[in-house]
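Read through the structure below, which is laid out as C-alpha cells, and then see the notes.
The values are calculated or read from the model by the stated rules, or taken from the named source; none is laboratory data. None of the values given here were measured: they were computed from a predicted structure. Here the Cβ positions follow ideal geometry from the backbone for every residue, glycine too, while neighbour counts run over all protein chains shown. For the accessible areas, the whole protein counts, side chains as well, though only heavy atoms, and no ligand, DNA or RNA atoms are used. Shrake-Rupley method; radii C 1.70, N 1.55, O 1.52, S 1.80 Å.
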Amino acid sequence: MRIPRSLVLAAIFFAAPGWAQQAPTGGASSDAVRDALAKKDGDVDQTTLLKDTLTAVDKQYSLIRKGHTQLNYEFNYAYIGQEKINADLSSGTATLFSIENTSSHTFTNTVMIDHGLLNNLSANVTLPFISRYSDAAGYSGVSHTIGDLGLGLRWQPLESKRDETTLTVTSALRLATGTSPFKVDPQRGLATGSGIHMLNLGLNMTRIVDPVALFGSFSAGFGAPARHLSQMLSGAVLKDVKPGGTVGLGLGFAYALSYKITTSFSFQEAITAQSRLRFENGREAQTGTQSAGVLSVGVGYRTSPKTTVNVTVGAGLTASAPNMSVTVGVPLSL
C-alpha cells in the first residue's frame, strides 16, 4: 500500500521537537522519506498475506513444505433456529434431520494438524470437540462429545507460478465418530455427528492478482449407507439410511488492506440429493433435495510472522444452512 509523500512529510514535521516554534530546516530529507516508506524487517508482502488469507478461508488452498508440520486451532459458533420438522410418513416423505431440535447452539473447538509429505502433497487430520445446547419442547440440555474425525490429502499437480491459476486436488474422509443422529434418543440427548462415513473429492483454484486473490472450488461427496439401526421414529423403527450425494460450489475473493490486515468475501453452497430411509415394517421414505448456502465475510490480522488471527462471520441464505455462524482461527507453525 503506497503512502502519499505529503503525509510522510507532515508526520516528520509534527514529530520534530519544538515544531510549534520553528519550521523544519531540511530534517525531512529525501533519504528520511525513503526510509519511512521502506519495508521494515519482519514485514510481509501482499502476496504472502493473501496466501495466509486463502488458508484461513479454506485450509485446502495452501500447502506446506515437505517435512513441515502446522497446527491450527479453530473455534466455531453456529446457531440454528426455528427448523421445521416433517414427521408425517403417510405421504411417503420424511426429513432426513427429523430428530434435530427447533433451536440449537453449537460450539465447536477444532484441532487441525497438517504435515507436508512432499512439497506438493500434504496430509491433514481434523479433530472436533463439540458442545451443543438445545432449547425445545422435546428436550432441553447440553451434550459434550467428540465430533466426526476427518482425514485428508491435498495435492498440487502443477508448480505455483505468479500470475497463473493454482490448482489443488483434495480428498477427505469423514469418519462417523460423533454421536449419530440415527441412534440418539431425541428426548434424552443431541447428535454431534453425521452418523455416516463420507468421502469428499474436490478441486480448488486460486489466482493472485495483487492486491486481490480470486478463488473458487468444486467438490463432490459420497456417503456410505447407515445400516442395522433401531431408532424409533414416528411410531416406526428406522433400520437403514442411504444418503444422497452432495455437490458443493464456492467462490470469493480476498483483499490485502495492509501488510497486517486482509479481508475476504466468499459464497459457498452445498446441494444434497434425496436420501432413502427404510423402516422395520418394510415402509420406505425419502427426503427432499436440500440446499445450504452461506455468505461469509472475514478479517485476518497478522500478529507475528508465524501467527495470524482470522475471524469469519457467515449468514445462512437457505433454510438448510445455519442462521448464523462465527469462526475464529489461529494457525501456529511448528
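Scanning region 194-210 for residues that are open to solvent by less than 40 Å² (accessible area, probe 1.4 Å) and part of a loop (DSSP other than H, G, I, E, B) yields S194, G195, I196.
Let's see how each residue does on (1) within 18 Å of L127 (Cβ to Cβ); (2) outside any loop (DSSP other than H, G, I, E, B); (3) touching a strand residue (DSSP E or B) at 6+ places or on another chain (Cβ under 9 Å); (4) modelled with pLDDT under 90:
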{"site": "G138", "(1), (2), (3), (4)": "no, no, no, yes"}
{"site": "V142", "(1), (2), (3), (4)": "no, yes, yes, yes"}
{"site": "L151", "(1), (2), (3), (4)": "yes, yes, yes, no"}
{"site": "R154", "(1), (2), (3), (4)": "yes, yes, yes, no"}
{"site": "L158", "(1), (2), (3), (4)": "no, no, yes, yes"}
{"site": "R162", "(1), (2), (3), (4)": "no, no, yes, yes"}
{"site": "R174", "(1), (2), (3), (4)": "yes, yes, yes, no"}
{"site": "T177", "(1), (2), (3), (4)": "yes, no, yes, no"}
{"site": "F182", "(1), (2), (3), (4)": "no, no, yes, yes"}
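Matching residues to (1) under 24 Å from M112 (Cα atoms); (2) small (G, A, S):
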site	(1), (2)
I130	yes, no
S134	no, yes
V142	no, no
T145	yes, no
R154	yes, no
L158	no, no
E164	no, no
V169	yes, no
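In region 217-230, the residue that is farthest from Q156 (Cα to Cα) out of those that are outside any strand (DSSP E or B) and open to solvent by 70 Å² or more (accessible area, probe 1.4 Å) is S230. Checking each residue in region 289-306 for being open to solvent by 30 Å² or more (accessible area, probe 1.4 Å) and either in contact (Cβ under 8 Å) with a residue 40 or more places away in the chain or of a type in the set (V, I, T) (or both) picks out T289, Q290, V294, V297, V299, Y301, T303, P305.
Looking at this structure, is E280 open to solvent by 90 Å² or more (accessible area, probe 1.4 Å) and either closer than 30 Å to T308 by Cβ or of a type outside the set (G, A, S) (or both)? Yes. For the condition open to solvent by less than 30 Å² (accessible area, probe 1.4 Å) and within 19 Å of the chain's Cα centre (by Cα), T318 does not qualify. Among the residues of this structure, L214 counts as one that is within 30 Å of V299 (Cα to Cα), open to solvent by 80 Å² or more (accessible area, probe 1.4 Å) and in a strand (DSSP E or B).
Taking residues in region 254-269 that are among the charged types (D, E, K, R), and partners anywhere that are at pLDDT 90 or above and open to solvent by 80 Å² or more (accessible area, probe 1.4 Å), the pairs with Cβ atoms closer than 6 Å and at least 6 places apart or on different chains are E269/L249. The single condition from (1) closer than 26 Å to T106 by Cα; (2) among the aliphatic types (A, V, I, L, M); (3) buried (at least 21 other Cβ atoms within 10 Å of the Cβ); (4) in contact with a helix residue (DSSP H, G or I) (Cβ under 9 Å, 6 or more places away or on another chain) that A191 fails is (4). One residue is enough: does region 121-136 have a residue meeting the conditions assigned to a loop (DSSP other than H, G, I, E, B) and either touching a residue at least 40 places away in the same chain (Cβ under 8 Å) or crowded, with 17+ Cβ neighbours inside 10 Å (or both)? Looking through region 121-136, none of the residues is assigned to a loop (DSSP other than H, G, I, E, B) and either touching a residue at least 40 places away in the same chain (Cβ under 8 Å) or crowded, with 17+ Cβ neighbours inside 10 Å (or both).
Taken over region 220-244, the criterion of being touching an Asp or Glu at 6+ places or on another chain (Cβ under 6 Å) and among the β-branched types (V, I, T) is satisfied by V237 alone. Among the residues here, Q286 does not qualify as under 25 Å from L203 (Cα atoms), touching a strand residue (DSSP E or B) at 6+ places or on another chain (Cβ under 6 Å) and either among the β-branched types (V, I, T) or touching a residue at least 24 places away in the same chain (Cβ under 8 Å) (or both). I'd like to check something: does region 234-248 contain any residue that is crowded, with 16+ Cβ neighbours inside 10 Å, out of contact with any Phe, Trp or Tyr (no Cβ under 7 Å at 6 or more places or on another chain) and of a type in the set (D, E, K, R)? Within region 234-248, one or more residues are crowded, with 16+ Cβ neighbours inside 10 Å, out of contact with any Phe, Trp or Tyr (no Cβ under 7 Å at 6 or more places or on another chain) and of a type in the set (D, E, K, R).
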